[in-house]
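Have a look at the structure below, then the notes.
What follows is calculated from the coordinates using simple rules that are stated; it is not laboratory data. It should be emphasised that the depicted structure is a prediction, and the values quoted were computed from it without experimental measurement. Cβ sites come from the backbone with ideal geometry, for glycine too, and all protein chains shown count toward neighbours.
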Amino acid sequence: MAVMALDIGTTHCKVAILNREGFLLGCHAEDTPTRRSRNADTYYDPAEVFQILLSLMRQACQEVQDDVDTLAIAGMAEAGLFVDMRSGLAATHIIPWFDMRTVDVFQEMRASTDDYARFTRTGLRNHFKYSVYKMQWLLRNSNLDHKDLIWLSVPDYIAYRLTGSYGTDYSLAARTYLFDIFEQHYVDEYLTQAGLRGINLPKPLPSGSSVGTINPVILLHEGLEPLSQDTKVAICGHDHLCAAVAAGATEPGIIYDSMGTSEVLLGTVQLESLGRPEYETGFLFGHHLIGEHFHWMGSTPASGDSVEWARRLVGSEADTYATLIALLERAEPGPTGILYLPYLNGSSAPLSDPEMTGAFLGLRKHHGKTDLLKAVLEGVSYDLEWIRQQAVTCFQTETDKILCVGGGTRNAHWMQIKADLTGCCIQSPHLREATLTGAAIIAAARCDDIHIPPDAGNSLDGAIVQSYHPDAARHAAYQRIFKTRYLPVQAPLRQIFGSGGVDHENPKD
């Protein structure tokens, strides 16, 4: 028996086959096609995304001999669309999580929202990226009838197309900003406040639960053997959280760094409720996908996105990832002295401000493309260090090492900067596709009652294959810049380029 896993990410769609021990047998990927409207809004075409996944599934099926009895789906959170329940067709395009068309709706609703009270139930900091604002924007800009619509996240939509059934998991439901993470249900009061009473929402289930089996029509027309009518389709949840499961980061004491378009620093914590101390950390909180613990999460929304932006900025000399690495080879060791603030999509923890913008500071005539590229890597690493230090203070978490997974781990220069700046050993486990592996582990445990230990990723395919150790002199230099420049510039720049003030979540509080 085998598991097929799907990951619908911001930049790539991926499909993999894994055996019951969690080892990756094959993986296929294609770019997630991002489109732009006449108004320059970004969107995904749901039919196009589904067809890409079907093509990748066909390729994966050609490489597996065992029956596939479970199909596990993970993907980006917040992004979603409306489906017409009468016709079963997509009623709108998919709004990506990072698309900023919803900022005006967010600002309007924020004026009447008690951010702290909402945090104690949702675990989230108010932000334009959450699904509630995408729902409102779509309804305001269309003639859709509430009662015939259901909101689906991207993984929910793919599961629906494969099974004909509606469902979601707790981690994706939580990212609507309408979900109580303790009671595990949508809050009627929040729906009413947002003008969404009458909108249908998929039933939330524990991560990895089956929402149905593969539609026979799909099997007949798409050539997906060895899938069958008995293949269970499971929604496994938020991509970063699935990756944490694969890495074994599900117990207190482990700090996990998930590197993608956004970068997430994540740890595990025991909670019975959320209050003022948790709110003041700037972190997000939610249930982990397996076990009984909660997670805390701090993110740099435009981490990998900043690197891609910088690569395009410098032009032909870094037109591929290999040439970018070659440029970085020319860099002098130690800090560039340039400060890059990586807030292309606003800032998150420890100071959340969706309106904050990015910046370069400290430029001189002698700085060139290599310096700018390295400064971007330093800037996202300074932001990571800010989050790490906040976690150490708030949760008394010892962090002499950080477990790091994601595409960015292939950049040794970036990894060494992280080690030098944080003073931690940066360890990269042998996980080619952490999100896919985590989704397979979760689905196998939930759908087929196969016992997977909390450190599943490490026991299966998580041997450490690369470690980066800090250089003492460079660490001291980076920390000096972090304490005397990076942190001190935050408040004045946020007054000018952000929402203004220090308490960005609830200035009236």
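Taking the 0 to 90 degree range and rounding to the nearest ten, how far is the long axis of helix 154-163 tilted relative to the main principal axis of the chain, both from C-alpha atoms?
Value to nearest ten degrees: 20.
How would you rank Lys401, Lys129, going from fewest to most other Cβ atoms within 10 Å of each one's own Cβ?
Lys401, Lys129
Where Rh denotes the Kirkwood radius from the mean inverse Cα pair distance, what is Rg over Rh for region 296-365?
A ratio of 1.02.
Using all Cα-Cα distances in region 36-178, what percent lands in each 5 angstrom bin from 0 up to the longest?
2, 9, 17, 20, 19, 14, 9, 5, 3, 1, 1, 0
Which whole-number percent is the relative contact order of region 2-242 (Cα, under 8 Å, 6+ apart)?
Reported as a whole number, the value is 22 percent.
From Cα coordinates alone, what are the radius of gyration and Dmax values for region 256-396 in angstrom?
Using the Cα atoms of region 256-396, the pair Rg, Dmax is 17.1, 54 Å.
Binning at 10 angstrom from zero up to the longest distance, how are the C-alpha pair distances of region 2-242 distributed in percent?
8, 33, 35, 18, 6, 0
Report relative contact order for the chain in percent, whole number only (criteria: Cα-Cα under 8 Å, sequence separation at least 6).
Rounded, it is 16 percent for the chain.
Collect residues whose amide H, placed 1.01 Å from N in the peptide plane, falls under 5 Å from the amide H of Cys425; neighbours closer than 5 in sequence don't count.
Excluding prolines and chain starts, which carry no amide H, the hits are Lys401, Ile402.
Residue by residue through region 80-88, what is 3J(HN,Hα) from phi via Karplus (6.51 cos²θ - 1.76 cosθ + 1.60, θ = phi - 60°)? Round to whole Hz and write x for glycine and proline.
x, 7, 9, 10, 7, 6, 6, 8, x
If I histogram all Cα-Cα distances within region 128-211 using bins 5 Å wide from 0, what percent of pairs lands in each bin?
All Cα pairs considered, the percentages come to 3, 14, 26, 26, 19, 9, 2, 0.
For the chain, what is the per residue volume of the convex hull drawn over the alpha-carbon atoms, in cubic angstrom?
Measuring per residue, one finds 142 Å³ for the Cα hull of the chain.
Pairs of alpha-carbon atoms within less than 8 angstrom and 6+ residues apart define the contacts here; what relative contact order does region 255-350 have, in percent?
Relative contact order of region 255-350: 31 percent.
Quick one: pull the percentage of alpha-carbon pairs in region 230-271 with a separation above 17 Å.
Percentage above 17 Å: 37.
Could you list Arg485, Arg121 in order of exposure, starting from the residue whose Cβ has the fewest other Cβ atoms within 10 Å?
Least crowded to most crowded, the residues run Arg485, Arg121.
So, with +1 on the Cβ of K and R and -1 on the Cβ of D and E, and no other charges, what is the size of the charge dipole of region 2-242 about its Cα centre, to the nearest 20 debye?
So the dipole magnitude of region 2-242 works out to roughly 660 debye.
If the viscosity is 0.692 mPa s and the temperature 37 °C, what translational diffusion coefficient in µm²/s does Stokes-Einstein give for region 365-410 when Rh comes from Kirkwood over Cα pairs?
It comes out at roughly 258 µm²/s.
What number, rounded to the nearest 500 deg cm²/dmol, is the helix-based mean residue ellipticity at 222 nm of the chain, given -39500 (n - 2.57) per DSSP H run of at least four residues and division by all its residues?
Calculated mean residue ellipticity at 222 nm is -10500 deg cm²/dmol.
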